[in-house]
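Reading through the structure tokens given below for one structure.
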Amino acid sequence: MTLQHFMNEAISPWMREEGPDSDIVLSSRIRLARNLADSKFPIIADVKDLEEIRDFFKKEYEHATFQDLDEFEFFPIKELSSVEKRVLVEKHLISPLLAKNADAAATMISKDEQVSVMINEEDHIRMQLYFPGLQLSKALTKAFEFDDWLEEKINYAFDETRGFLTSCPTNVGTGMRASVMMHLPALALTKQINRMMPAINQFGLVVRGIYGEGSEAVGNLFQISNQITLGKTEEDIIEDLESVVKQLIEHERKARTRLMEQSSTKLEDRIFRSLGVLKYSRIIESKEAASCLSNVRLGIDLEIIKNISRNILNELMVLTQPGFLQHYAKKTLSANERDVLRATLIRERLLLEEK
Amino acid sequence: MQCQECQKRQATLHFTQVINGNKTEVQLCEVCAKEKGYMSYPEDGYSLHNLLTGLFNFDSSQMKTPQGSQFQQVKELQCSKCNMTFSEFKRVGKFGCAECYHTFATHLDPIFRRVHSGNSKHHGKIPKRKGGDLHLKKQVETYKQELQNLIVNEAFEEAATVRDKIKDLEKQIQNKEAGDNQ
């Protein structure tokens, strides 16, 4: 089965490339919500109509290629096992909501995992594009081109005054959610991030954990995205987001330098202890793993730790999620069993780096 | 502080219960609070949508009584395409179809303004194919503004070129519309 391709690696192929500021910004994402003009939105539509939409996508886009991206694979959600769904969620290729909408929901994902389209989620179409590092405008250009490509065959619900019509009033207009995933260990350690949040919110931006709405910032990873979708152009929204992200990068770098200057031994101790835990522990909870991984990644960025690749954070953060662990074990695991397997996988992965 | 239930996780929630006048207080972590039924949220926790539906209920249009119809029952707005009523929309916080936007049009401005920091009109992308001559119309608007600026600055030569561009575009739009009507 072709899904195997997406299940084997925790890290998406595009993540292997370094983007601008990728010591702090892990990825940039553009998500566009679109609906079909003549069909009821998924929350209220008949399953039969939604199935028609799903089948249309399969017919038109399965194995299709767009620009330089790899071909699209198509998966109806109801044909996936719960572990498979979970892995796709953990890799951010589909949303938890899509995984729940079993009936007529589907996803199409380019093999390089740079683009994924969710079909019959809250809106008929939600497309998302990923780029490594801080590359919002590049991502937007590509997203627009991809959007035009889909529009060639699809009649979008669009209104001159309201823009792209979405099921939820919070997405209307541009239908765009631009987000940037940042690793901010120094700002978190010095508790500066808490003070910065209200200011960020004033720009119409929100800060969340990596698994979306309501999720905690595990591993000092923060997702910053626009809240407002109506009344501003996509370019302006991105510009605002980028300017805030750039300031955060600057503050994070300053905080790192200050930590190095003022308490380098303490910092080194913290980093190496974390590395020790990851290297030698036999049982580890996901929260502890995440915080150790964050420290180790900081150590790599500050060149305190050498010979370990930066990608280790992104990779192990995903690899040690419950879905992935169970996919790896090929069976359901209790929380305790997961903690044991997590520790084993991390140890093995780190040994691989040392070779 | 530790969670009183599991004794493991940090207590992040504080509950005060009054039963028959007896006040008890408990400190719990989120997991135990959910398990013990202290929190009756839907599965996803308290999401943005719960907040939103809260906002909609302050819709000012509800406060107004229609003139002279104080005793007459007001017929509720209902979308002809998906049968969503306005009160249903306010309850779930989601539109049922594209048509709902027209059906509820008169009530939407305050809602959009509240959600999108005072904005209620789209200024972003126009779909390439479906947008049709909307692109041209927007371009004419931009040129017209440019023309005004040029005239104010007495740059008449440039103004003339811009004026010609506007004429060209308007001709294109007219031709297109004529074509569409055939």
**Report entry** Inter-label distance for residue A:149 and residue B:170, nm, one decimal - labels placed 7 Å from Cα along Cα-to-Cβ
**Finding:** 4.0 nm
Query - Qualifying GluC sites (Glu not before Pro) for the stretch A:1-85 [loop in DSSP, other Cβ within 10 Å: at most 11] - result: A:17
Query raised in the report: Which whole-Hz couplings ³J(HN,Hα) result when phi for each residue of the stretch A:118-135 is put into the Karplus expression 6.51 cos²θ - 1.76 cosθ + 1.60, θ = phi - 60°, listed in order with x for Gly and Pro?
Result: 9, 10, 6, 8, 6, 10, 4, 10, 10, 9, 9, 10, 10, 9, x, x, 8, 9
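Take peptide A:35-46, look around each residue's Cβ out to 10 angstrom, count Cβ atoms belonging to other protein chains, and average those counts.
Numbers: counts 3, 2, 4, 4, 4, 11, 8, 1, 7, 11, 3, 0.
Other-chain Cβ atoms within 10 Å of each residue's Cβ, averaged: 5.
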Report summary line: Across B:131-140, the residue-averaged tally of Cβ atoms belonging to other chains within 10 Å stands at 1
Report task. Compute the length gained on full extension between residue B:76 and residue B:160: take 0.36 nm times their separation in residues and subtract their Cα-Cα distance, giving the result in nm to one decimal. Result -> 24.9 nm
**Report entry** 222 nm mean residue ellipticity, helices alone, for chain A (DSSP H n ≥ 4; -39,500 (n - 2.57); rounded to 500)
**Finding:** -15000 deg cm²/dmol
Query - In sequence order, calculated HN-Hα J values of the stretch B:151-164 (Karplus, 6.51, -1.76, 1.60; Hz; x Gly/Pro) - result: 5, 4, 8, 6, 8, 5, 5, 4, 4, 5, 5, 5, 4, 4
Report task. Could I have the simple spin-label model distance between residue B:137 and residue B:113, label points 7 Å from Cα toward Cβ, reported in nm to one decimal? Result -> 2.4 nm
Query raised in the report: Can you work out the FRET efficiency for the pair residue A:102 and residue B:31, with r the C-beta to C-beta distance and R0 = 25 Å, to the nearest 0.05?
Result: 0.40
Query - C-alpha center-to-center spacing [the stretch A:1-38, the stretch A:164-238] in angstrom - result: 17 Å
Query raised in the report: If you look for lysine pairs in the stretch A:44-146 that are eight or more places apart or on different chains, how many of them have Cα atoms under 26 Å apart?
Result: 29
Query - Cα gyration tensor shape of the stretch B:105-163, rounded if a/c is under 1.5, else prolate or oblate by comparing a/b with b/c - result: oblate
**Report entry** Dipole magnitude (debye, nearest 20) for the protein assembly as shown, charges at Cβ of Lys, Arg, Asp, Glu
**Finding:** 1640 debye
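Readers should treat all values here as calculations from the given coordinates under stated rules, not as data from a laboratory. The model shown is predicted, which means the values in this text are computed figures rather than measured ones. Note that we place each Cβ from the backbone using ideal geometry, even for glycine, and neighbour counts take in every protein chain shown.
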